[in-house]
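The next block holds one structure in the form of structure tokens; read it before the comments.
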Amino acid sequence: MSSLKIIVIGGGAAGFFGAITAAERFPEADITLLEKSKAVLNKVRISGGGRCNVTHSCFDNRKLVKNYPRGETFLRPLLKQFDAASTVSWFENRGVRLKTEADGRMFPVTDSSETIISCLLQEAARFGVRIRTSCGVKSLSRVGEQWQIETFSDETLVADRILLAVGGYPQAVSYGWIPGLDEPEPASKTLVSPVPSLFTFNTPDSPLLALAGVSVPDAMIRISGTKQEQRGPVLITHWGFSGPAVLRLSAWAARELAELDYRHEIRINWLAALNENQIRDQMQTFKQQHPKKQVATQSLFGLPARLWSALATEAGISPAERWAELPGKAQNRLINLLTNSTYAVSGKSTFKEEFVTCGGISPDALHPETLECQAHPGLFFAGEVLNIDGITGGFNFQNAWTTGYVAGKHIGL
């Protein structure tokens, strides 16, 4: 009897983890991994500034899943099979030690993504996984009990099982065969239209663009007209706003922002820890104690001096104006800007290499414990192609390791 033929489509984190897990659990299987690019694991290579943010040091799965705007309910039981602690053990058992940074992100102690890549490549080689690069898939179809794959080089491959780990946007929609897999049911039951997540806001008319590089550690940012808001560090850039609070907001509001065509209004409270009365009281105290000091040059509340000066100028306060001379209306305008600055967003920018997709294959179309397609036995999914995505901080790689492991664990049964 011929060995079980398994083909993994996609040479990223999820594809590799699925292939390695399958090869380890089903040693008699013939496993081939196809990657359309010239190199595998490209996103692993560039992630975390070339250091690879492998996972996050959150070992309570109930808390971990709260970092996924999409897929929380589906992912939680999968983590019982392979969670963040499993990831740490898996790599450390193969000689890759991880370290935890202050914000919970975990990296290899070498601070090099090549350490992770080398480990994955070595494991794939050890278990006999064949890797084929520059091998893009043109079509996929079911023929009897098997799957037939046509490559862009007009080669025909046959497999008993397939694991699709082709990544996110635009890959999830660039293959015409993905939505077509759900015949005879509507494609919408399988594919959730993909839109970007984890991006920064472009505000070309913002008066703060000249302050690129200035950051505030505790601000509140809101999207006007919605309930979406996030609190945390905000970074001013030469194109608009970035930082953890902005990225989290872009993830949680990904679909709403897509519907707005990334043209909307944001409101920023630069002093999230204080209410308006507290701000007014502290200003009044400072005014009494330092009446002759210039308003624009004396930053309060720990705000960066350049931001304070810019907001004072926007409030109509001249550089020479002193606290003793500050009109009540000007002070009110400054307080409003400190707590409710408004900026028009027109567009988005990718945050470094942390581009992630909201959308993809609906988990509802899969068997929840195996990630096998309900409508098409023998077809499995893993990674970002699924409608599961996390905020920045190692959560998207954890999704890749978890779903890759679960699919690989069951694909040979």
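Nearest 5 is fine: what % of DSSP beta bridges in the stretch 202-350 come out antiparallel, could you say?
Values: 20 of 20 bridges.
Among the beta bridges of the stretch 202-350, antiparallel pairing accounts for roughly 100 percent.
Which whole number in µm²/s is D for the chain by Stokes-Einstein, with the Kirkwood Rh taken over Cα pairs at 20 °C and 1.002 mPa s?
Answer from the Stokes-Einstein relation: 92 µm²/s.
With +1 on each Lys and Arg Cβ and -1 on each Asp and Glu Cβ, how big is the dipole of the stretch 202-350 about its Cα centre, in debye rounded to the nearest 20?
Charge dipole, the stretch 202-350, about its Cα centre: 260 debye, nearest 20.
Where both residues lie in the stretch 1-160, what percent of DSSP beta bridges are antiparallel, nearest 5? Could the numbers behind the result be given before it?
Working: 15 of 23 bridges.
Restricted to the stretch 1-160, the bridges split so that about 65 percent are antiparallel.
When the chain is fully extended, how far beyond the present Cα-Cα distance does Phe286 get from Arg255, taking 0.36 nm per residue of separation?
6.7 nm
For Ser3 paired with Ala320, estimate the spin-label separation in nm (one decimal), with each label point 7 Å from Cα along the Cα-to-Cβ line.
8.5 nm
Could you give the distance between the Cα centres of the stretch 198-217 and the stretch 135-154, to the whole Å?
Each part's Cα centre sits 46 Å from the other's.
So how much slack lies between Thr156 and Ser193, counting 0.36 nm per residue of separation and subtracting their Cα-Cα distance, in nm?
10.4 nm
Along the Cα→Cβ direction, 7 angstrom out, place labels at Ser139 and Gln122. What is the inter-label distance in nm?
According to this spin-label approximation, the distance is 4.3 nm.
For the stretch 137-170, run through the GluC sites (Glu not before Pro) and keep only the ones in DSSP coil with at most 13 other Cβ atoms within 10 Å of their Cβ. Present the calculation step by step, with values, prior to reporting the outcome.
Values: sites: Glu145, Glu150, Glu155; in loops: Glu145, Glu155.
Here the GluC sites (Glu not before Pro) that fit, given the DSSP loop and packing criteria, are Glu145, Glu155.
Could you tell me the relative contact order of the chain? Use alpha-carbon pairs under 8 Å, at least six residues apart, and round to a whole percent.
Computed over the chain, the figure is 25 percent.
Within the stretch 305-413, report the trypsin sites (Lys or Arg not before Pro) that DSSP leaves as loop and that have at most 16 other Cβ atoms within 10 Å.
For trypsin sites (Lys or Arg not before Pro) across the stretch 305-413 that sit outside H, G, I, E and B with at most 16 neighbouring Cβ atoms in 10 Å, the list reads Lys352.
Treating only the Cβ atoms of Lys and Arg (+1) and Asp and Glu (-1) as charged, compute the dipole magnitude of the chain about its Cα centre; round to the nearest 20 debye. Don't skip to the answer; put the middle values down first.
On the way: 42 positive and 40 negative charges, 257 e Å.
With only Lys, Arg, Asp and Glu charged at Cβ, the dipole is about 1240 debye.
Suppose R0 equals 56 Å; then what is the FRET efficiency for His376 and Ser299 from their Cβ-Cβ distance, rounded to the nearest 0.05?
It comes to 0.35.
Using alpha carbon centroids, what distance separates the stretch 10-35 and the stretch 291-347, in Å?
Centre-to-centre distance over Cα atoms comes out at 58 Å.
Please name which of Ala258, Thr237, Asn277 has its Cα lying farthest along the dipole of the stretch 202-350 towards the positive end, using unit charges on Cβ (Lys, Arg +1; Asp, Glu -1) and the Cα centre as origin.
The one lying farthest along the dipole's positive direction is Asn277.
Can you give the extra length, in nm with one decimal, that the chain gains between Asp218 and Ser349 once fully stretched, where that is 0.36 nm per residue apart less the Cα-Cα distance?
Length gained between Asp218 and Ser349: 44.9 nm.
Testing the spin-label approximation: label points 7 Å from Cα along Cα→Cβ at Arg267 and Glu114. State their distance in nm.
In this crude spin-label approximation the distance works out to 5.1 nm.
Considering the alpha-carbon set of the stretch 202-350 alone, what are its Rg and its Dmax in angstrom?
Values for the stretch 202-350 (Cα only, Rg and Dmax): 15.9, 51 Å.
May I ask which residue of Thr402, Ala305, Leu75 lies farthest towards the positive end of the charge dipole of the chain, with charges of +1 (Lys, Arg) and -1 (Asp, Glu) on Cβ and the Cα centre as origin?
Value: Ala305.
Could you sort 12-24, 277-289, 309-321 so that the peptide with the highest average Cβ count within 10 Å comes first and the rest follow in order?
The densest-packed peptide leads the list: 12-24, 309-321, 277-289.
Output the antiparallel fraction of DSSP beta bridges having both residues in the chain, as a percent to the nearest 5.
Restricted to the chain, the bridges split so that about 75 percent are antiparallel.
Every number here is computed from the coordinates shown, using simple stated rules; none is lab data. Everything numeric here is computed off the predicted structure, so don't read it as measured data. A quick note on method: Cβ atoms are made from the backbone with ideal geometry, for glycine too, and the neighbour counts reach across all protein chains shown.
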